[in-house]
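One structure below.
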């Protein structure tokens, strides 16, 4: 028998309430005409003590937004600013979402439950506060796939169809509506700090730093506020560099790297016009409205550094410019190390540990991928385990590319590396001819039957395939 209330309620007052007065507005969720549960992340529900909720109770909490016991009494729409395509916008904030609850996983880590499509707030800016069903489906797919590939990401937790019809300029309308719940360690954004700076509110900035250090980076604690601020910035720089290094190895293009779309715990979130590369292309742009290619694939590491610079600038309220600049220095090394490490991880190989060896290997591999037009996910799949996958690669749909002389330097480099846990190759996932992938054509193909006939079978199959990959890779 499933319970109607959470198995384990939070044991203390939600920490964000300590600063909520300065950073959020209490709001009421939309009253939706219907609530049809389309997807629940049972694995993460189990991790957070919510796994035993009945579907009825799930809808009550994650579509009607009845408060979780002992948690936030009312949803909080967070306030922030941000740079959008290089232009500062002080009119931002949670316009179609809110912080619903704060909970802890089995290891005690703080997690936010935030929403998307939950109704209008003071920051909606004439928007309807809603999310299309397609947008919710796309976020589930992207978040699950990134998690399977070992990329630090927020988790799609729940998707409920709400019975409304929406009008949108970028997809056929009217279109179905949904409300999504997202699980993330933090919804504090770079733009949260920027808002304090714009308002010249030193006191609120100090409270924000205190909160972030206490809850996420206790090692950054220092009695001196300036040093504490710089320590916090350095930690954020490192986790951001690691995240973007993982993006680049996974062939992920975020699409909208505005400063309000970066959070302080280095998790991928605010999925919009994301894409996964079908082939290596540094100039690939995910967003149709990014005409200048500001957020193109090859520029993502630079853009991440720029966003961090804006965060550092906002912290001038509390620390000196030279000290903040030094705190940003580890970003580039964190990015490079992550890109190299995650490339090896996705290939199932042990890094050599020698930068002088690993960097040429990366250059050789990615140059060949760009020049040959090799399929990105297929290449990593075929050569997972390096020397242990020679026979698998020879049977690949793109085996002709591996037989070409241009591939010889890549092959030699792969053969020089030892497999990492090669027993994973016994998983049935690696016995298939092709890996799970998530290029835009596949997303559109599985959305069509949902839109036309409410047929979720292709979506369900894709989710199962992604889960199979997650278990096989065991990253």
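See the values below:
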| read-out | value |
| --- | --- |
| Residue under evaluation residue 222, criteria (1) touching a helix residue (DSSP H, G or I) at 6+ places or on another chain (Cβ under 7 Å); (2) assigned to a helix (DSSP H, G or I); (3) more than 30 Å from residue 436 (Cβ to Cβ), criterion not met | (2) |
| Qualifying positions in region 440-475 - outside any helix (DSSP H, G or I), at negative phi and modelled with pLDDT of 95 or more | 455, 456 |
| Identity of the residue in region 416-439, at negative phi, over 26 Å from the mean Cα position of the chain (by Cα) and not in a helix (DSSP H, G or I), that ends up surrounded by the most Cβ atoms within 10 Å (Cβ to Cβ) | 417 |
| Given (1) crowded, with 19+ Cβ neighbours inside 10 Å; (2) on the phi > 0 side of the Ramachandran plot, index of the condition residue 154 fails | (2) |
| Identity of the residue in region 125-147, in a loop (DSSP other than H, G, I, E, B) and touching a strand residue (DSSP E or B) at 6+ places or on another chain (Cβ under 9 Å), that ends up farthest from residue 456 (Cα to Cα) | 128 |
| Filtered residues of region 81-91 (kept if crowded, with 24+ Cβ neighbours inside 10 Å and part of a loop (DSSP other than H, G, I, E, B)) | 81 |
| Residue match in region 348-356 (condition: at pLDDT 95 or above, buried (at least 21 other Cβ atoms within 10 Å of the Cβ) and either under 25 Å from the mean Cα position of the chain (by Cα) or assigned by TED's automatic domain parsing to the domain that holds residue 299 (or both)) | yes |
| Positions within region 395-406 being in contact with a helix residue (DSSP H, G or I) (Cβ under 7 Å, 6 or more places away or on another chain) and either surrounded by 18 or more Cβ atoms within 10 Å (Cβ to Cβ) or free of Cβ contacts under 8 Å to residues at least 24 places away in the same chain (or both), in sequence order | 396, 399, 401, 402 |
| Any pair with Cβ under 7 angstrom, 6 or more apart, that starts in region 370-391 at a residue that is without any contact (Cβ under 8 Å) to a residue 24 or more places away in the chain and ends at one that is in a helix (DSSP H, G or I) and buried (at least 18 other Cβ atoms within 10 Å of the Cβ) | 379/369; 382/389; 382/392; 382/393 |
| Selection from region 295-334 of residues that are free of Cβ contacts under 8 Å to residues at least 24 places away in the same chain and closer than 23 Å to residue 273 by Cβ | 298, 299, 302, 306 |
| Test: residue in region 310-324 that is out of contact with any helix residue (DSSP H, G or I) (no Cβ under 9 Å at 6 or more places or on another chain) and modelled with pLDDT of 95 or more | yes |
| Odd one out for residue 378, checked against (1) surrounded by 17 or more Cβ atoms within 10 Å (Cβ to Cβ); (2) in contact with a helix residue (DSSP H, G or I) (Cβ under 9 Å, 6 or more places away or on another chain); (3) part of a helix (DSSP H, G or I) | (2) |
| Residue in region 172-180 that is under 15 Å from the mean Cα position of the chain (by Cα) and either crowded, with 24+ Cβ neighbours inside 10 Å or more than 21 Å from residue 42 (Cβ to Cβ) (or both) present | yes |
| Candidates 341, 333, filtered to the one that is within 19 Å of the chain's Cα centre (by Cα), assigned to a helix (DSSP H, G or I) and under 18 Å from residue 362 (Cβ atoms) | 341 |
| Residue 117 being out of contact with any helix residue (DSSP H, G or I) (no Cβ under 9 Å at 6 or more places or on another chain) and over 23 Å from residue 312 (Cα atoms) | no |
| Matching option when the condition is crowded, with 23+ Cβ neighbours inside 10 Å and more than 19 Å from residue 260 (Cβ to Cβ), among 114, 136, 49 | 136 |
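So that you can scan it fast, the table gives a plain yes or no per residue for (1) within 21 Å of the chain's Cα centre (by Cα); (2) in a helix (DSSP H, G or I); (3) more than 16 Å from residue 84 (Cβ to Cβ):
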residue	(1), (2), (3)
203	no, yes, yes
243	yes, yes, yes
266	yes, no, yes
272	yes, no, no
284	yes, no, yes
294	yes, no, no
316	no, yes, yes
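Results for (1) in a strand (DSSP E or B); (2) assigned by TED's automatic domain parsing to the domain that holds residue 325; (3) at pLDDT below 95; (4) over 11 Å from residue 318 (Cβ atoms), shown as yes or no for each residue.
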| residue | (1), (2), (3), (4) |
| --- | --- |
| 192 | no, no, no, yes |
| 208 | no, yes, no, no |
| 227 | no, yes, no, no |
| 230 | no, yes, no, no |
| 246 | no, yes, no, yes |
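The values are calculated or read from the model by the stated rules, or taken from the named source; none is laboratory data. Here the structure is a predicted model, which is why all the values come from computation and not from measurement. When we count neighbours, we look across all protein chains shown, and the Cβ atoms used for this are built from the backbone with ideal geometry, even at glycine.
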